[in-house]
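Asks: Please find one structure pasted underneath; my questions will follow.
The values are calculated or read from the model by the stated rules, or taken from the named source; none is laboratory data. Computed from a predicted model, the values in this text were never measured in an experiment. Positions of Cβ are generated from backbone atoms using ideal geometry, with glycine treated the same way; all protein chains shown enter the neighbour counts. Accessible surface areas use protein heavy atoms only, side chains included; no ligands, DNA or RNA. Shrake-Rupley method; radii C 1.70, N 1.55, O 1.52, S 1.80 Å.
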Amino acid sequence: MRTVTWDGGFYWDDPNIHWGNPAYQLEPGDPGYVPWTPPHATHSKPKKMKHQPYLPDDDAGISTLLMTFHMGLTDPMATKYNVTPEQRWRLHRGHLVFDYLLELSSIYADHCKSLTAIRNGMFEDGEGADPI
């Protein structure tokens, strides 16, 4: 028998430990000893919580989200969530500006493609065609 102490490195679920005053642990050869193997410590990676991103990855999805916020925010809902008229106006303007910039970037991309086509055409026909 061995005396059990608080910081002695014993396992709480060992069936050979008898709690009392004093607490003791049965050892092999003692009457009533039960063969027991301590559990192996397993260190698993902490599980990450699954989540869905609240902001879409593409520009069209962001535009739709902004429109949904703007159109779906009614007066009672704005009052309930303490959204000021200035914040509602900024949301409306933000939606309009985002849509404008989205359209502008599409126009700019098309213009860049046409300029590239003109540049490539200048070198292909060999006569130095005037691009304008």
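Asks: State whether one or more residues within segment 36-57 are out of contact with any Phe, Trp or Tyr (no Cβ under 6 Å at 6 or more places or on another chain) and at pLDDT 90 or above.
Replies: Of segment 36-57, the ones out of contact with any Phe, Trp or Tyr (no Cβ under 6 Å at 6 or more places or on another chain) are 36-37, 39-57.
Still in the list and also at pLDDT 90 or above: none.
Checked segment 36-57: no residue is out of contact with any Phe, Trp or Tyr (no Cβ under 6 Å at 6 or more places or on another chain) and at pLDDT 90 or above.
Asks: Within the group THR84, THR79, which residue is among the hydroxyl-bearing types (Ser, Thr, Tyr) and open to solvent by less than 70 Å² (accessible area, probe 1.4 Å)? Can you show your working first?
Replies: Numbers: THR79 fails: open to solvent by less than 70 Å² (accessible area, probe 1.4 Å).
Being among the hydroxyl-bearing types (Ser, Thr, Tyr) and open to solvent by less than 70 Å² (accessible area, probe 1.4 Å) holds for just one of THR84, THR79, which is THR84.
Asks: What number of residues within segment 14-33 are in contact (Cβ under 8 Å) with a residue 24 or more places away in the chain and either charged (D, E, K, R) or loosely packed, with under 10 Cβ neighbours inside 10 Å (or both)? Give the steps one after another, and end with the answer.
Replies: First pass over segment 14-33, keeping only residues in contact (Cβ under 8 Å) with a residue 24 or more places away in the chain: 14, 25-27, 30.
Imposing the further condition that a residue be either charged (D, E, K, R) or loosely packed, with under 10 Cβ neighbours inside 10 Å (or both) reduces the set to 14, 27, 30.
Of the residues in that region, 3 qualify.
Asks: Test each condition in (1) open to solvent by 60 Å² or more (accessible area, probe 1.4 Å); (2) within 27 Å of the chain's Cα centre (by Cα) for TRP36 and report the one that comes out false.
Replies: With (1) open to solvent by 60 Å² or more (accessible area, probe 1.4 Å); (2) within 27 Å of the chain's Cα centre (by Cα) applied to TRP36, the lone miss is (2).
Asks: Let me ask something else about it. Assess whether LEU102 counts as being touching an Asp or Glu at 6+ places or on another chain (Cβ under 7 Å) and part of a helix (DSSP H, G or I).
Replies: Details: touching an Asp or Glu at 6+ places or on another chain (Cβ under 7 Å): yes; part of a helix (DSSP H, G or I): yes.
So LEU102 passes the test.
Asks: Could you count how many residues in segment 107-126 are open to solvent by less than 100 Å² (accessible area, probe 1.4 Å) and acidic (Asp, Glu)?
Replies: Of the residues in that region, 2 qualify.
Asks: Would you pick out the residues in segment 64-81 that are under 21 Å from VAL97 (Cβ atoms) and either under 21 Å from the mean Cα position of the chain (by Cα) or not small (Gly, Ala, Ser) (or both)? Full working, then the answer.
Replies: Applying the first criterion (under 21 Å from VAL97 (Cβ atoms)) to segment 64-81 yields 64-73, 78.
If the condition is that a residue be under 21 Å from VAL97 (Cβ atoms) and either under 21 Å from the mean Cα position of the chain (by Cα) or not small (Gly, Ala, Ser) (or both), then THR64, LEU65, LEU66, MET67, THR68, PHE69, HIS70, MET71, LEU73 are the ones that fit.
Asks: Then there is this: If a residue must be assigned to a helix (DSSP H, G or I) and open to solvent by less than 100 Å² (accessible area, probe 1.4 Å), how many such residues does segment 39-70 contain?
Replies: Restricting attention to segment 39-70, the residues satisfying the condition of being assigned to a helix (DSSP H, G or I) are 59-70.
Still in the list and also open to solvent by less than 100 Å² (accessible area, probe 1.4 Å): 59-68, 70.
Count: 11.
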